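Beneath this line is the structure, given in structure tokens, with notes to follow.
The values are calculated or read from the model by the stated rules, or taken from the named source; none is laboratory data. Everything quoted here is computed from the prediction, not taken from an experiment. Heads up, the Cβs are rebuilt from the backbone with ideal geometry, glycines too, and the neighbour counts pull from every protein chain shown. Note: accessible area is taken over every heavy atom of the protein model, side chains too, but ligands, DNA and RNA are not part of it. Shrake-Rupley method; radii C 1.70, N 1.55, O 1.52, S 1.80 Å.
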Amino acid sequence: MKRYNDLSAWLKNKFGCRVFKVSLSAATTCPNIDGTLATGGCTFCNDASYAPLSTNRRTKPIKQQLVEGIEYIKRRHRTSKFISYFQSFTSTYGNMETLLDKFRESLDHPEVVGFALSTRPDCIDEKWAKALSQLANGKLCWIELGLQSSNNETLRRINRWHTKEQFSEAVKMLKTNSDLPICAHAVLGLPGETKKDVLETADYLANQLIDGVKIHNLHVVKGTALAKDYLEGNYKPLTLEEYVDWTIDFLERTPPNFLIHRLNAHAPRQLTLAPDWSINKLAIFNAVEKEMEKRDTWQGKGLGVGVHEVSGSL
Ligand code: SF4
């Protein structure tokens, strides 16, 4: 029985095989790293953790990053379809024409079926929405908007420098000016947050005009402000049991048509300080599925929908 609406199954159904994301760098930065809004970045952010196998990828042309990424995935999985994924930093922060050229280059490959990019709600505007919509031209183009929490106090605490109101405005703007699907990022286990905050974030997102959610566990990566807090005893990560429990409660409040892009986040072992369980992606995934089965629950159950209504709508 399908208990939540996962993106990988949706992609497989749409394209006839497993579709993998190839992580690329457009060599951007971020307004709360470069001093425009702040310095230091979000307290958990270390870009090296997103592409540990290619620390010098920022200097490589997009085509080279793409070919190397595809070869790497093909050595491990049988597939011939990919999504170019601009994950690092803020992908719409920089010269628009230069960045659009990079996105365009990433689509110019016979095995690439679309692209996705991560950005902040305060770094995307009407001009971007229209240009990306035009560039996609019928191909998949997911806009991943970082929210992390709907609690503005938490956003301040983690040095994020945008608000939930800016997130809502960005969603409305994107839906008015484009047909691009939107995926929100939410993090469970942020400093100072309780389960109540996490469920408020789920309720907030359920009322936004978005199409998907990426749920992350907060993991402590070396070289971050969070790592310092953790080592000084000022931050305690969630246990796996807590994460599974909170994730399922979150899913129960999530509309059944939202695609679930991810249920975990991890960095390589050599960069991860804690928690140990975050390294094992499969174990997290299995634990969530097993517990959902045990509870006989599903995405949207808390909204009063039946399990047969769990389906992708794009
Ligand atoms: S907004 Fe994104 S790229 Fe910028 S510091 Fe935060 S997590 Fe890192």
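Using the Karplus relation 6.51 cos²θ - 1.76 cosθ + 1.60 with θ = phi - 60°, the per-residue 3J(HN,Hα) values for segment 116-125 come to 9, 9, 9, 8, 9, x, 9, 10, 9, 9 Hz, with x marking Gly and Pro.
The residues of the chain present an accessible area of 45 Å² per residue when probed at 1.4 Å with all protein chains retained. When the charge dipole of segment 201-305 is built from unit charges on Cβ atoms (+1 for Lys and Arg, -1 for Asp and Glu) and taken about the Cα centre, the candidate among ILE279, GLN208, PRO237 whose Cα reaches farthest toward its positive end is ILE279. By the Cβ rule of 4.7 Å, the chain holds the following cysteines without a possible disulfide partner: CYS17, CYS30, CYS123, CYS141, CYS183. Computed from backbone phi, the HN-Hα couplings of segment 236-252 come to 10, x, 5, 7, 4, 4, 5, 4, 4, 4, 5, 4, 5, 4, 4, 4, 4 Hz, rounded to whole numbers (Karplus: 6.51 cos²θ - 1.76 cosθ + 1.60, θ = phi - 60°; Gly and Pro given as x).
Measuring with a 1.4 angstrom probe and ignoring ligands and nucleic acids, TRP10 comes out at about 30 Å² accessible.
Counting only protein heavy atoms and a probe of 1.4 Å, the accessible surface of segment 7-301 is 50% carbon and sulfur. Amide H contacts of ASP6: ILE260, each under 5 Å away and 5 or more positions distant or on a separate chain (H built 1.01 Å from N in the peptide plane; Pro and chain starts excluded). Each residue of segment 258-268 is assigned a 3J(HN,Hα), and the resulting list reads 5, 7, 9, 6, 6, 10, 7, 9, 8, 10, x Hz, derived from the Karplus form 6.51 cos²θ - 1.76 cosθ + 1.60 (θ = phi - 60°), x at Gly and Pro.
Of the residues VAL288, VAL19, VAL67, ranked by 1.4 Å probe accessible area with the largest first, the sequence reads VAL67, VAL19, VAL288.
Expressed in units of 2.2 N^0.38 Å, where N is the residue count, the Cα radius of gyration of the chain is 0.95.
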